[in-house]
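Below: one structure, written as structure tokens.
The values are calculated or read from the model by the stated rules, or taken from the named source; none is laboratory data. Keep in mind the model is a prediction, meaning the values are calculated, not measured. No Cβ is skipped: glycine too gets one built from the backbone with ideal geometry, and neighbour counts run over all protein chains shown.
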């Protein structure tokens, strides 16, 4: 069977030769487990903090993989960054950009950059009337924190906060909010853009689009690439 493996942050050093970016396609025997996959890649289990299969949290390393699976492996969240992380929230509440901005405010900040992703009225040539988001909340909030730590490693930041809304959202409503503070605006702008790009790639959120001719679920993660954000 063939699967795709994605290794994030410092786990990408275990990618085999021929890998591109942070992912690689592997051919494995039938009934292969996540534990066997880790052994094949030479990754000690204590270096893996989060495991996702097809965007859904999978805590058991004896889980049997199937042809076409996409396995994402995340390292522990521990780190020495002094950046203030959080809140990171996923829930049905409306996005409150003022509260996010207040959460990252600091006397040392020379810039606070915010981003709001909103539901637009079209996607893939269709008229969108409504979006519905569903998430595995515990994992989604942990992945947000992991993204925050990645940001803190790349830029000199003071604080980071993010919020993603779930449930049904009408056109024009906000689905996601991000706030980043830094001493200098360039760091804050770059980090905020990076956060949204990573959310598109890895956040375990699923989206159902309602259009003028029906409704359908869009595969996640990465659901912000057409009708929102």
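For the stretch 163-194, a tally of residues being farther than 25 Å from residue 128 by Cα and buried (at least 16 other Cβ atoms within 10 Å of the Cβ) returns 11.
Checked across the stretch 140-153, the condition of being without any contact (Cβ under 8 Å) to a residue 60 or more places away in the chain and either over 24 Å from residue 85 (Cβ atoms) or over 14 Å from the mean Cα position of the chain (by Cα) (or both) holds for no residue.
A single entry from 90, 113, 64, 98 fulfils the requirement of being in the same structural domain as residue 28 (by TED's automatic domain parsing) and either loosely packed, with under 14 Cβ neighbours inside 10 Å or touching a helix residue (DSSP H, G or I) at 6+ places or on another chain (Cβ under 6 Å) (or both): 64.
For the stretch 97-114, the criterion of a residue being in contact (Cβ under 8 Å) with a residue 24 or more places away in the chain and under 17 Å from residue 205 (Cα atoms) is satisfied by no position. Selection of first residues in the stretch 20-38 that are surrounded by fewer than 12 Cβ atoms within 10 Å (Cβ to Cβ) and of second residues that are not in a strand (DSSP E or B), restricted to Cβ pairs under 7 Å at least 6 apart or on distinct chains, gives the following pairs, ordered by first then second residue: 30/1.
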